[in-house]
């Protein structure tokens, strides 16, 4: 895994964002808006460095296997190093590339926030943490990055720390992510105990040594992946995380951090390939999450929450892909998703910014004229996420769904197809309700932003969205052809298999997906975009929100069940221990000892009457007893 | 034992010492005046001293003499401290009845 | 040289009483200088600073034998550092007296950590209980707490002394710490029980912990910083250097009981910390939980876990000292310890909020800070030793820790500003200086924990 050597560029990739974070954090009050330049440069430089490092590595080795740099021994048996192989390359490029665009966008989005330097410090820190995660060559280093991205996510969700909702969401996200962290920790225990090493190379070379523990290792690794990637049942933090600023949602909760689970599963493919039951588990959870996220997306009205559920659903696809063994397809979907989802979030951010922080799509409408760049870019992205032929999502989603069938999971194949239809429906619902018809809110089109006196130039937000929109179209072309660049890149990374042909060919799959998607779009059009629907939009939307099934509004009761199963019992136990068991029972026993000694003392104190002469008498009495004793003995020795 | 060294029989010393000692004991137990009690304690010390000296002479062992000196020293110190306490107590309550000085009772 | 570590603080502490009562400057200067010297000394002196004279010949041989090496070196450094930080942070009425008590505490605890003879260890063990007692009497709100601390811990000191005497008589010598002497025989379980009781009270281990929350809540912050950070480690140190090597078989026989108690401590402390409302009590119960983890590591008899335990001992010392000092700062500003009355500190006191955040994150085991390094290595070792379920159960409190630490952190520094007092000020230079070394050390050990082991294995 990677050619050993000295690669100073890896340090540049890894540490420049950290330096940016430190500078912005330490000198934030002095830097003010200049922090945006440092913050953006700290992400742009690593992007270039990543490309250069990759070039250097491929040139020196002649093949796409990557670069490996040893760092230091963290603890005996825990050796750290940096690894840039095709898998981490793709992630590093997305983190720094899309990350750079989002940083640039943030310059405009956060312009009037007084804590802009702190924002860029946190964002830089996040990129550093995420790079630690993907560049690490071992599980503990990965776990360090894993925890640090959770911390960055915590800081950024709770960035507006005076909002109690944001603070609560940040705490929830962090605690659920710690569940994932400790699960990975436990997987590390098993690997360390059975294999004696924590580096990827050693672990994957000795998968057999795990024997009976293999499934459990996979299971615990996947619990970690599920917590980070918002897979059922650990997904409940992701929609709440939308309380953070929109660029944060785009970078952390859509493009990069939440896909860490996909990275982990793809990285550990030798483990999954060795355990069929683990593959089945991961694929099933991924498929279920894809379906559940899509269903929940139907019932939401908050533009960012719709996107959050769509993120959850799309990551479900990726997890399904890497879970069933279609690793290239899963990673490809991550790659295209990063562009179109970031584009959707940033476009939504422009709309939200335009409407003075309104996020409810029922109070939007007609935004086509007010935010044209967002309209066109998001149109491309919505087509991409729906899987419209020719757009980025089409190629990758197709591969994932077909991969499920190819690897022998017809049920997951069916789930993937159904979900694709629902996805097209709710994404176009979002699109039509937001951009078509007439404006239904009450923000004056000529309004000046309330939160600050000055404005950043408009292009600074529009340009990144436009670029991402373009990539939402073209990113998929890396994956087509007879020997596409994508497959060449991963030729040495993932196993090549000869799978038996399946009943439904790839062409048919594409056709079925297209029909289902078209049906979804058609239903959305009929409900939201026909002239009749647009004319009666306010009344129809109100009616729809009143008739929304409770099971969807309550989000399949996941929050309630988790609350009822874990949170409430823990608090009850804490109260029971803290206010009765500890002070009354345990300490009661201690105080009982004290009472016992006091009672004994009451008996003894009877003799301590303070009369000197009675003490003397007792002494005499004692002496007399001795004398009599020895007299009876007859001798004093 | 050589009779010429001890003209008076040892039993007499022991008897006298016992009498003095028990007079002292009775004094401590019966009297309530601390001065008298201190004097009674002195009597007990001296009864012991008498025995030390008598037996030292009888057995020709100087340890008894040495102990007698030790006892005298300790007794002097004890008397000094005792009297000091008495003076302090007298100052604070103008009364030196030991039965009344019972602050330390349990 | 080890004798200097003990005598210098004690003499300086006594000398401080000669200063006028109201003195604030000179006592701090002297205190800081002494603490800094005791920190520097072991680093400057190349050897282990051994000092030994024969103390008793009968009924067993005992020596006044002191030296630092391995684990004890780290505890000596931790103690000196925490004392330094506590003295810098001292800001109470009667500063002079508190600093004098801190120095006396340092000197006596130096005796505990450098003693190479169990009898000397036991002697200093009892002595180290005296300064906190007087601090509780002077600054605490309930006299009862002081007595509870003293009697509870002295009862441990008593069993320690009895066990030491029995050990000495039966094995002929108590000068055994750091040697390979092993004691076995029919008395060994009882002797171990005597030691273990003392160590368990001091650590504390469930169910012998009820002196702790009240003591931690009631002591002045600098004193509780040293007690929780370093004095509680005396019990763990005892387990590592006395029980583990000298009474190995006896301890192995009792290990399931110890593991069970450690796990109960872990869970019990975590659950209670989840619902407490007093800031210091939250951290006190979290200490119960965290120290349970170290006991688990020691009882697993695994070298990897033991390495982790050493790292975690230092880590816990650093972050609990920092947390208690910072909680002290907040209490002083807000005049309350109830988290429901705190809020919004971050808005006006960014430095205080930042320091608190780092300390709390270290306590909840954030990767990259020292707590994580200890936790993962300990549990890896525990698992490797074959304790599947204990390792799995021990993960639960880590999750709960993140919940209660974030609750404490967020309720205090986030949310709307609850202005109980008109004036709020950020950390002063002295206050920042007191926590900065602790936080820096947390970061350094988190990134490169190997540094500690290199010294231990030297």
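Where a number appears in this text, it was derived from the coordinates with a stated rule and is not lab data. Quantities reported herein were computed from a predicted structural model and do not represent experimental measurements. A quick note on method: Cβ atoms are made from the backbone with ideal geometry, for glycine too, and the neighbour counts reach across all protein chains shown.
Things to note:
- Per-residue ellipticity at 222 nm from helix content only, as computed over the protein assembly as shown with -39500 (n - 2.57) for each DSSP H run of at least four residues, stands at -23000 deg cm²/dmol.
- Computed P(r) (all Cα pairs; segment B:10-92; 5 Å bins; percent): 3, 16, 20, 20, 17, 11, 7, 4, 2, 1, 0
- Against chain A, whose longest principal axis comes from its Cα atoms, helix A:459-474 is set at around 70 degrees.
- For chain A, share of DSSP beta bridges that run antiparallel, in % to the nearest 5: 80 percent
- Distance (nanometres) between label positions extended 7 Å along Cα→Cβ at residue C:264 and residue A:211: 3.7 nm
- For the peptides A:173-186, A:564-577, residues were scored by their other Cβ atoms within 10 Å and the scores averaged per peptide; the highest-first order is A:173-186, A:564-577.
- Take every Cα pair under 8 Å whose residues are at least 6 apart in sequence, average their separation, divide by the length of segment B:27-77, and the relative contact order is 28 percent.
- In summary, the convex hull built on the alpha carbon positions of segment A:1-150 has an orientation-averaged projected area of 8.6 nm².
- Per-q log10 I(q)/I(0), segment A:187-241, q = 0.13, 0.17, 0.22, 0.24 Å⁻¹ (Debye; single scatterer per alpha-carbon; no solvent): -0.40, -0.58, -0.77, -0.84
- Label point distance in nm, residue B:81-residue C:21, each placed 7 Å from Cα along Cα→Cβ: 3.1 nm
- Evaluated at q = 0.13, 0.21, 0.29 Å⁻¹, a Debye calculation over the C-alpha positions of segment C:43-95 (equal weights, vacuum) places log10 I(q)/I(0) at -0.55, -0.83, -1.07.
- Residue-span extension gain [residue A:497 to residue A:624] - 0.36 nm each, minus C-alpha spacing: 35.3 nm
- Enclosing the Cα atoms of segment C:1-135 in their convex hull gives a volume equal to 97 cubic angstrom per residue.
- Radius of gyration and Dmax over the Cα atoms of chain C, both given in Å: 20.8, 68
- If the Kirkwood radius is taken over C-alpha pairs of segment A:166-213, then at 25 °C and 0.890 mPa s the Stokes-Einstein diffusion coefficient equals 200 µm²/s.
- What the Cβ-Cβ distance of residue B:94 and residue C:433 gives, at R0 = 60 Å and to the nearest 0.05, is a FRET efficiency of 0.50.
- Relative to its Kirkwood radius, the Cα radius of gyration of segment A:274-340 gives an Rg/Rh of 1.05.
- Cα-based helix-to-principal-axis angle, C:429-447 vs chain C, degrees rounded to 10: 60 degrees
- On Cα atoms only, tilt of A:372-386 relative to the major axis of chain A in degrees: 80 degrees
- At q = 0.16, 0.21, 0.35 Å⁻¹ the log10 of I(q)/I(0) for segment A:465-506 amounts to -0.64, -0.85, -1.07, computed by Debye summation with a single uniform scatterer per C-alpha, solvent ignored.
- The convex hull built on the alpha-carbon positions of segment A:476-601 has an orientation-averaged projected area of 20.6 nm².
- For A:190-199, mean number of other protein chain Cβ atoms within 10 Å: 3
- Taking the C-alpha atoms of segment A:314-411, convex hull volume expressed per residue in Å³: 102 Å³
- With a 10 Å cut-off around each Cβ of B:16-25, the average count of Cβ atoms from other chains is 1.
- Direction-averaged projected area, Cα convex hull, chain A: 44.5 nm², rounded to one decimal.
- Pairs of alpha carbons in segment A:388-442 whose separation is greater than 19 Å (percent): 45 percent
- Sorting the segments A:459-465, C:227-233 by their mean number of nearby beta carbons within 10 angstrom, highest to lowest, gives C:227-233, A:459-465.
- Averaged over peptide C:401-408, the number of partner chain Cβ atoms lying within 10 Å of each residue's Cβ comes to 5.
- Taken along its principal axes, the alpha carbon cloud of the protein assembly as shown reaches lengths of 143, 62, 51 Å, longest axis first.
- Packing, taken as the mean count of other beta carbons within 10 Å per residue, orders the peptides A:345-356, C:98-109, A:589-600 from highest to lowest as C:98-109, A:345-356, A:589-600.
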